[in-house]
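Everything below concerns the one structure shown next.
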Amino acid sequence: LRGERSFKTKACLLVAERGSQIIGFARLNPETRPWHISPAGNIGIALLALYRHQGIGTNMLYLIVEQAARFQYHCLTADILAHNQASLGLFKKLGFVYHSHRQRNLDFLPGMVQEITVERVMAGGNSA
């Protein structure tokens, strides 16, 4: 894994590689939606199918959560496609809980999709 982070923007990007091939990434950015606990960060993670269920995603998410604590985020969010049970399980394993769901239109998928938002309150964050 290699990564970049910015304390100024409170953002982080981790890239997972095998040889010279990028096999996945995890990112942390400030949450842009109004959130009931702030400051909040939003996480995104993706991993090629061939490399799933090997602990790589868990490791990346764990490192992102550690970085979020350094950035002093009080809450973390992630938006996950409802059919992606593996990703929902990964976030649940690291203490994330269901927050809400919505239907939305994504540029890279046909039609409307169901998306679930999960959140994790960090140390120092207060639930509203």
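Here are a few things to note about the model shown:
- GNM on the chain, alpha-carbon springs under 10 angstrom: the most fluctuating residue among Glu17, Glu115, Glu31 is Glu17.
- Residue among Asn29, Asn105, Asn42 with the largest mean-square fluctuation in a Gaussian network model of the chain, springs linking Cα atoms under 10 Å: Asn105
- With at most 14 neighbouring Cβ atoms within 10 Å, loop chymotrypsin sites (Phe, Trp or Tyr not before Pro) (DSSP) excluded, longest segment of the chain: 8-107
- Of Pro110, Pro39, Pro30, the residue with the greatest mean-square motion in the GNM of the chain, using alpha carbon springs below 10 Å, is Pro110.
- If the segment from Val15 to Leu94 were pulled out straight at 0.36 nm per residue, it would be longer than the present Cα-Cα gap by 26.5 nm.
- Gap separating the Cα centres of region 71-93 and region 1-30, nearest whole Å: 17 Å
- The solvent-accessible area of Lys10, taken with every protein chain present and a 1.4 Å probe, is close to 70 Å².
- Whole-Å semi-axes of region 1-43's equivalent ellipsoid (Cα gyration tensor): 26, 11, 5
- Largest-first principal axis extents of the Cα set of region 38-128 (Å): 40, 31, 19
- Using a Förster distance of 25 Å, the FRET efficiency for Ala82-Tyr51 (Cβ separation, nearest 0.05): 0.65
The values are calculated or read from the model by the stated rules, or taken from the named source; none is laboratory data. It should be emphasised that the depicted structure is a prediction, and the values quoted were computed from it without experimental measurement. A quick note on method: Cβ atoms are made from the backbone with ideal geometry, for glycine too, and the neighbour counts reach across all protein chains shown. The area values use the complete protein model at the heavy-atom level, side chains included, leaving out ligands, DNA and RNA. Shrake-Rupley method; radii C 1.70, N 1.55, O 1.52, S 1.80 Å.
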